[in-house]
Structures are given as structure tokens and as C-alpha cells.
Amino acid sequence: MPRRDSVAGPVTVGSDRARAVRRRLRDRARTSVDAVEQLVGGLGTSLLSLAVFLLLLLVGLACLVGVGLWLVPSAAKAVRSAADRERARLSLARDLPAPPRVPGELRGVLRDPWTRREGAFVAVHATIGFGLGVLGLSLPISAVQYLLFPLYFWMLPPDEGGPGVVIWRIDGLPDALVVALLGVGWLAATVTLGPPMARLQALPGRRLLAPPRDVDTSLRIAELTATRAAALDAHAVELRRIERSLHDGAQNRLVAVTVLLGAARRAVVRDPAQAAEILDRAQQSAELALAELRAVVRGILPPVLDDRGLTGALDGLAVGCPVPCTVEVDVPGRCAASVEATAYFVVAEALTNVARHSGATTAAVTVHRRDDRLRLRVDDDGRGGADEGAGSGIGGIRRRVEAHDGRFTLTSPPGGPTTLLVELPCGS
Amino acid sequence: MRIVIAEDDALLREGMALLLRAESLDVVATTDTPTTFLSAVDAHVPDVAIVDVRMPPTHTDEGIVAAVEARRRHPDLAVLVLSAYVEQTFATDLLASGTTRLGYLLKERVGRVEEFLAALHRVADGGTAIDPEVVAQLFARSRPDSTLSRLSAREREVLSLMAEGLGNTAIAQRLFVTDGAVHKHIRSIFAKLGLAPDDRADRRVTAVLRYLEDAQRRG
């Protein structure tokens, strides 16, 4: 195999290699430029840190004579703002829980793990981060300065020497080219040292500004407690709904049956024709009771989910929706039954809302599975303005979704269109 | 007898009206919300109001609230409350507005037309009609060491029938015993409950209900 390759395509191999080299060079250039950009950004936040650090030193000195103690909370706020700037730069705030408010009094500040870590960060970033930033900025500047030296050396007096460390006499182009050669060295330093320096500069921020580990778990626990409560709430709400539909629906129908039967029995002797008519109504009422019982059962766990999976169940919902509705389901395999049931109810509730409140002419349901997440989307072209507080069942959707550790977003500007997005972990 | 009905379920409302009209009773208004009910009562001043417990907007105890309010406005109004299920707190709320001219029945009792009509008439005539289910629950809830537990099984039966509002003769017929036997049971019940012996229907129903109320409050 190697032999045949070498015979068949030396040209191809060569051009492949060239392409690979070119790609590697391009990547290198890009990472270097990124690194310089990061170092410059880091320099910016380190300047802020430096200012805050000097402030901290002053406050520290003032503390020695006592008056500084009053300034500690304000200093802590300054520390927080410097830290937040770095958090924003490192995009730390996106996924992680935000720190709690800075404590307003001295003891709280000294005890707060966030503030302590932020203080440490400010000290490191103001010194090492600042140094790295300055170095990171000067490396590429020097490279440019040295490399371009042959172009402008004649404008300078020969005794002046070259840029930076070049203090010897420059006599003519050869000397200038030597300086340019040094510039190549600076460039190499920029390319090789830039990325690790940028990483090093970001390290204190990543380490010290992320939530302290114990804080992280406690927040997670709080979140889990909340979603667990939401799950129980959703469950209770669900039971209440079932109780309502049994008492006010099916049971009322059956009571009507007994009332009508009672009336028919009394009428049977007096007026047989009327009795027959009443019996007819009684039968209708019994049929209604059966229909409502079926609806209640469907509301508890739709049998169709078991029989035909999410696709069939959602198709059924779309067909039953008075607003024309398209369904697109791309879910390979099955999700956990509770997740499918939740997805079904979300769509059912959403389509009920579309039909009742939106005034839409079309609706679209799309369901996709990406890795371990089930993504649901319900769009309509109605008047929008859907509101969680308006008793529209949206609160119920949110509770059910959050009970599954899922995400729920609703965009419904006045005038429409409305988009409901739900993401559920598949749990299978 | 002039009747106003408050029931939010259309089918049931019309069925009930049909039934009552077929019995030559005068259904002067049928309403489906507490507000329309109260204005209908104000406008027609009926003899009896038949009220469903669960009505809009929240479908919880609007009917009870409306019934109590109607009785406050018209102290002579007889009220028969219908409920899908038994809830003693509803009964207690009602009883707080006075124990005469008052009924509290499960909805399905309407189908037993004779008994329902009897209850309706009893309430309209100043009596009481409490569903056997309510009484049974109150018994079930009473503590083992309470006074109620000292009653014999037969005495409990008599007491529940008394609570339903039946007179001695009716109780005797229900239990297939003589009037005298019923009389003896009632005296024994009164003795055990520490009440003065008294045969008058309203007084003894009042006493029984007061006692049941107490039993519930304690237990």
C-alpha cells in the first residue's frame, strides 16, 4: 500500500503537505493574534485591578490607624467591580451562578468567600496580570518596530542606534537588516509565548472568580430543592385538575343521569311519552359522562403515547387543533415516559392556548432530539402578548418543564408572533 | 312552593328544573353564578333556594358563601345546598348561619325523587335535611373516647336519622321498629349526650347538629 501510493501520487502528497503546512501556519497566526488580543484585554482589566489594588493598600494602611475599617465595604465593592469586569472578559458569567451582593458591613465582607477570593484575584491580576499584559503588548509592537527598521533607519541619525535594546551604531542597510533579523526573533517570541502568556494571565480569574466549590453545590442544592418543590407542585396541580374534571365533569353528567332517571320514573305512569323523552336525555347525559371520562383518562396519561410514541401522539394533537397546525418530529428512539408525557402536555397546552387566545391562522410544532436533549418549539402567527400571569396555563407548562430540569422560554411580543421553546433532558 | 336554582352545570340545572316543574313546583329562576343567584333571590324572594357548592369563578365554595349571604339578606329563606362530595367544613359554615330551614345533600340524592322532594319540603317547612353521608363522616371522625362512641349502634342510626331531620314515626318506619322503641332510643341518646329530654323536632335537631358541630370542632 505505501508503495502504490508513492507511485500513484507524489504530486498529490506534496501538495497535500503544502496545504497542511499552510493550514498550520494560518492557525498559528490566528491563535497568536487571538493571544495578543486577549493579553491586551487582560491588560485593560489589570489596569483596573491595579487601581483597586492600590486602593486596597491605602485602605490597609488606613486600617492600621483604625479609620480604614469604615472603608472596607466600599473597597469590597470596588474589588467586586474589577472582578466583574474580568468575569465579563472571560465569559465566566454566562453559565455560572453570579456572586451574591457584597455584604454591607465589615464582618460580612471578611467572612464572605466570594470577596476574599476576589481580593486575592485583584492582587495577582494587578501585578502578574499587569506585567504579562504589558509584555504581551510590547512583544508584537517590538516585532513590527524591528522588522520595519530597514525601511526607516535612514531617517534617524546613525549614532541614535535602533529601537529598544539596539544601542549600537547603525551604519547603512546591512546593520539595519541585522536589526530586522532581531525583529524576526521578536515575532517568533510573540507567536510562541503569546498563547501561554494569555492563558497564564487568565488563570487567576478562572480559578478565583468562578464560584467557590461549596457555594456552587449549595446553589445547586437550592435549585434542586426549588425544582423538586415545583415537581411536587406540578403534581398537586395535576391532581387538582383531575379532581376537578371528575367532580365537575363526569360526576355532574352522572348526577344528571340519576336526576333524569328519577324524573322519568315519576313520569312513566303520568305521561309515558314525556318519560321516554326524559329517558332519551338521560342516555345522552350518560354518553357525555363516558366521553368526559375518556378525556380525563387522556389527560392523566394519553394511551396514544404508549401505542404510537411521541410522533403519533403529537400528530393526533395537531389534527385535533382547530388552528391548522404542522408537526415535525425528529426523535430517534424513545425518551423516558415521563419526558414524553411532559412533551405531550406542553404541546397540548400550547396548542390549546393558540386555539383559545392567539387568533392565529397557522401553528407549527417541531420536536428534535439533539444528544440528550429534547427540544420542543411551538410557533404561531397570532396576536402575541401571551402572559404567564393571565391564567393561560403557561405557568403550568413552566412548572412541569422545570420539574424535569428543563428550560422554558416564551417570546410573545404584542402583535405576535409567539414562540414557545422548551428543552427537556431525555432521561434515557 | 317557589324555588330558585343556582347550578353552573347547564345539563344538571335544566334536568333539575324539569324534574321540579314536573312535580308542579314553581321554579321561578335558574342561575349559574353566585352573583346572578343573589340578584334572583332578591328579585323573586323564593321559599327555597337550591344551591350548588362549586360555582364560578374558582369552583370551590362559592355556593356556600352565596347561600350564607342569601340567608343573611333573607332570614326566612330556606336553603338546600347540593354538593358533589361531602365536606364537613362546608356543613359547618352553613350551620353557623342557623340550623333551621337548611339542607345539605349530595347531588345524586336528587335522583331519589321522593326522598329529595321530602327533604325539600322539610327544609321549606323550617326543618333540616343533612345528608346521611355527612352524619356518617362526623361519626367516623369522632374520637374513640368521645361521648358519641358511647352510643350503641342502634342509637347512632337513630341519631343520624334525627340529624337528617326525620320525625319519630319516619324513623320508626325506616328502622322497622315501633314508635315507642324510637322514643326510648332518643331518650337514651339525650341522656348519654347530657341533653334535656325534649321531643320537639326542631329543638332536638338543633341539639344534635350542635353536638355534631362540637364533635367536629374537637375531632
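The values are calculated or read from the model by the stated rules, or taken from the named source; none is laboratory data. All of these numbers come straight from a predicted model, not from anything done at the bench. Neighbour counts run over all protein chains shown; Cβ positions are idealised from the backbone, glycine included.
Summary of values
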{"item": "Positions within the stretch A:313-329 being in contact with a strand residue (DSSP E or B) (Cβ under 9 Å, 6 or more places away or on another chain) and assigned to a helix (DSSP H, G or I), in sequence order", "result": "A:LEU314, A:ASP315, A:LEU317, A:ALA318, A:VAL319"}
{"item": "Checklist (1) of a type in the set (S, T, N, Q); (2) at pLDDT below 90; (3) closer than 27 Å to A:ARG244 by Cα applied to B:THR100, failing item", "result": "(3)"}
{"item": "Residue among A:ALA273, A:ALA202, A:ALA234, A:ALA250 that alone is within 14 Å of chain B (Cβ to nearest Cβ), among the hydrophobic types (A, V, I, L, M, F, W, C) and buried (at least 17 other Cβ atoms within 10 Å of the Cβ)", "result": "A:ALA250"}
{"item": "B:ARG2, sole failed condition from (1) facing chain A (nearest Cβ under 10 Å); (2) over 26 Å from A:LEU254 (Cβ atoms); (3) not hydroxyl-bearing (Ser, Thr, Tyr)", "result": "(1)"}
{"item": "Unmet requirement for B:ALA17, which otherwise passes all of (1) closer than 25 Å to A:LEU279 by Cα; (2) more than 14 Å from chain A (Cβ to nearest Cβ)", "result": "(2)"}
{"item": "Hits in the stretch B:3-28 - residues which are closer than 15 Å to B:ALA70 by Cα and surrounded by fewer than 24 Cβ atoms within 10 Å (Cβ to Cβ)", "result": "none"}
{"item": "Test: A:ALA120 is at pLDDT 80 or above, of a type in the set (Gly, Ala, Ser) and over 16 Å from A:LEU47 (Cα atoms)", "result": "no"}
{"item": "Residue list for the stretch A:362-380, filter: in contact with a strand residue (DSSP E or B) (Cβ under 9 Å, 6 or more places away or on another chain), assigned to a loop (DSSP other than H, G, I, E, B) and at pLDDT below 90", "result": "A:ASP372"}
{"item": "Any hit, the stretch B:54-73, residues being closer than 22 Å to B:GLU133 by Cβ, of a type in the set (Asp, Glu) and touching a Leu at 6+ places or on another chain (Cβ under 8 Å)", "result": "no"}
{"item": "Failed item in (1) surrounded by fewer than 24 Cβ atoms within 10 Å (Cβ to Cβ); (2) touching a Gly at 6+ places or on another chain (Cβ under 6 Å), with B:ASP52 passing the rest", "result": "(1)"}
{"item": "Hits in the stretch B:112-131 - residues which are over 18 Å from B:VAL45 (Cα atoms), of a type in the set (A, V, I, L, M) and more than 10 Å from chain A (Cβ to nearest Cβ)", "result": "B:ALA118, B:ALA119, B:ALA129, B:ILE130"}
{"item": "Residue in the stretch A:342-359 that is among the hydrophobic types (A, V, I, L, M, F, W, C) and over 26 Å from A:LEU301 (Cβ atoms) present", "result": "no"}
{"item": "Lone unmet requirement of (1) modelled with pLDDT under 90; (2) within 12 Å of the chain's Cα centre (by Cα); (3) away from chain A (no Cβ under 13 Å) for B:VAL79", "result": "(1)"}
{"item": "A:ARG399 buried (at least 19 other Cβ atoms within 10 Å of the Cβ) and under 17 Å from A:ALA231 (Cβ atoms)", "result": "yes"}
{"item": "Given (1) of a type in the set (A, V, I, L, M); (2) under 26 Å from B:ARG112 (Cα atoms); (3) at pLDDT 95 or above; (4) out of contact with any Lys or Arg (no Cβ under 7 Å at 6 or more places or on another chain), index of the condition B:ALA40 fails", "result": "(2)"}
{"item": "Those strands (runs of 3 or more DSSP E) lying entirely in the stretch B:9-108 with at least 3 residues touching a residue at least 24 places away in the same chain (Cβ under 8 Å), under 29 Å from B:MET162 (Cα atoms) and not small (Gly, Ala, Ser)", "result": "B:48-52, B:78-83, B:102-106"}
{"item": "Test: residue in the stretch A:389-400 that is more than 20 Å from A:VAL327 (Cα to Cα), under 24 Å from the mean Cα position of the chain (by Cα) and assigned to a strand (DSSP E or B)", "result": "no"}
{"item": "Residue tally, condition charged (D, E, K, R), at pLDDT 80 or above and under 23 Å from the mean Cα position of the chain (by Cα), over the stretch A:46-98", "result": "5"}
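Residues are listed down the side, and each one gets a yes or a no for (1) buried (at least 19 other Cβ atoms within 10 Å of the Cβ); (2) more than 14 Å from chain A (Cβ to nearest Cβ):
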position	(1), (2)
B:THR33	no, yes
B:ASP42	no, yes
B:PRO57	no, no
B:ARG71	yes, yes
B:HIS74	no, yes
B:ASP93	no, yes
B:ALA96	no, yes
